[in-house]
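Scroll down for the structure; my scribbles are underneath it.
A short reminder: the numbers here are calculations on the coordinates, not readings from a lab. These numbers come from a predicted model, not from an experiment. Heads up, the Cβs are rebuilt from the backbone with ideal geometry, glycines too, and the neighbour counts pull from every protein chain shown.
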Amino acid sequence: MASVDVVIPCYKYGSVLPTAVRSVLDQPGVDVRVLVIDDCSGDGSADVARELSAQDSRVSVLEHERNKGHIATYNEGLMDWASADYCALLSADDALTPGALLRAARLLDAHPEVGFVYGRPLHWDGSTPLPQARTEDQGWTVYNGPSWLRRRFALGEGCITSPEVVVRTTLQKKLGGYDPELRHTGDIEMWMRFALHADVGYLKGVDQAYYRVHGNNMSAAYYASVVADLRQRLAAYTAITTRPDNNLADRLDMDRSVRRVLARDALRRAGRAFDKGRSETDPVEELIDFARESYGEIEGLPEWHTLRLRQRLGARRSRALSPLVLTAPARRIRQHARVLKWQREGI
């Protein structure tokens, strides 16, 4: 029987912690341990964790005397504590779906070349009972690591939210944990780093975790700043292309490709501000500056020309005429359809 260690960092989430812990303890067919790390919540969350530990010997609790932040807390559990065959990080406000760990372990057992496994997250508003998840085994796909990595660069964004991932612990220990310099895109960088050295497993047609969506998600306020989001995404990709162990012959092409993707994204966001009548409040100039800094040759991008048209029309006329003058050509529509297909397939 495969063993899986699950780290559950907790900061002021004591009210929902039992759901997360129980979702791990109820996993069939695997030998599980849980470590709850309370990051100096100071609101009674640690008391809840201790009570859960008293009820089940598989649950351990670590309490911080001072707040260390999420990255240090993640790494403490994954790098210092985890020792099972496989490991996972589960936020205290999320949960695993029934059978998630066994499905992941079967793939990892069958394919020693695979470094981590993921499936689909089921977005959930926190209501009870938990929504019905797709748990019937539909098979899996194993992607060549560098090929999966190239797809990430081609799209310019991750396809993983985090709770649906199970990692081979030896790979986690070998390649390290979350990069403290990437406070908001450390997960994207880490998955890509793993893909440099191992293949990637994907569980088809099943929901592997419940991802709670609410106003207090750690990333919610951060992603309100679109420029900061873009800069953190670029930093994650740059961290991969500049790694000394990145021996991919096309890494410079990959770097240029993702910079182009992010520049186009920035220019689209700037143009959208005119469509929505927010050109005076949204960070249009900052988005243009980011596009120019990251890619340089923005004058050759189609998004630059449509943005310039919006600027000439002005916010009021752009908003009125955008359905007529800014419709995507057929090629863009086909490209968007391909991206949606990749996202549905989880690649």
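For the chain, the percent of C-alpha pairs falling in each 10 Å distance bin, counted from 0 to the bin holding the largest distance, reads 5, 23, 30, 23, 13, 5, 0.
Sorted by mean Cβ packing within 10 Å, highest first, what order do the peptides 242-248, 208-214 take? All intermediate terms of the calculation are to be shown ahead of the outcome.
Details: 242-248: 11.1, 208-214: 21.3.
Ranked from most to least packed, the peptides come out as 208-214, 242-248.
Taking 0.36 nm per residue of separation and subtracting the current Cα-Cα distance, fully stretching the chain between residue 31 and residue 58 would add 8.8 nm.
Each of the peptides 312-319, 189-196, 67-74 was scored by the mean count of other Cβ atoms within 10 Å over its residues; in descending order, highest first, they stand as 189-196, 67-74, 312-319.
Suppose a student asked you for the relative contact order of segment 3-214, using Cα pairs under 8 Å spaced at least 6 residues apart; what percent would you report? Numbers along the way, then the final one.
On the way: 454 pairs, mean separation 58.1, N = 212.
Dividing the mean separation by the residue count of segment 3-214 yields 27 percent.
Which of the trypsin sites (Lys or Arg not before Pro) found in segment 105-166 are in a DSSP loop and have at most 15 neighbouring Cβ atoms, other than their own, within 10 Å? Show your work: numbers first, answer last.
Values: sites: 106, 134, 150, 151, 152; in loops: 134.
Counting only loop positions with at most 15 other Cβ atoms within 10 Å, the trypsin sites (Lys or Arg not before Pro) in segment 105-166 are 134.
Taking each of 12/276; 12/204; 12/173; 68/204; 68/174 in turn, the alpha-carbon distance tops 30 angstrom for 12/276; 12/204; 68/204.
About its Cα centre, segment 3-214 has a charge dipole of approximately 580 debye under the convention of +1 per Lys or Arg Cβ and -1 per Asp or Glu Cβ, with nothing else charged.
Under a Cβ-Cβ cut-off of 12 Å, what is the net charge of the residues other than residue 131 that fall near it, where Lys and Arg count +1 and Asp and Glu count -1?
Values: positive: 134, 212; negative: 125, 207.
Summing Lys/Arg as +1 and Asp/Glu as -1 gives 0.
For the ranges 234-240, 154-160, 90-96, what's the packing order if you count other beta-carbon atoms within 10 Å of each residue, average per peptide, and put the highest first?
Numbers: 234-240: 21.3, 154-160: 17.4, 90-96: 25.6.
The densest-packed peptide leads the list: 90-96, 234-240, 154-160.
Applying 0.36 nm per residue to the separation of residue 183 and residue 278 and subtracting their alpha-carbon distance, the gain on full extension is 31.3 nm.
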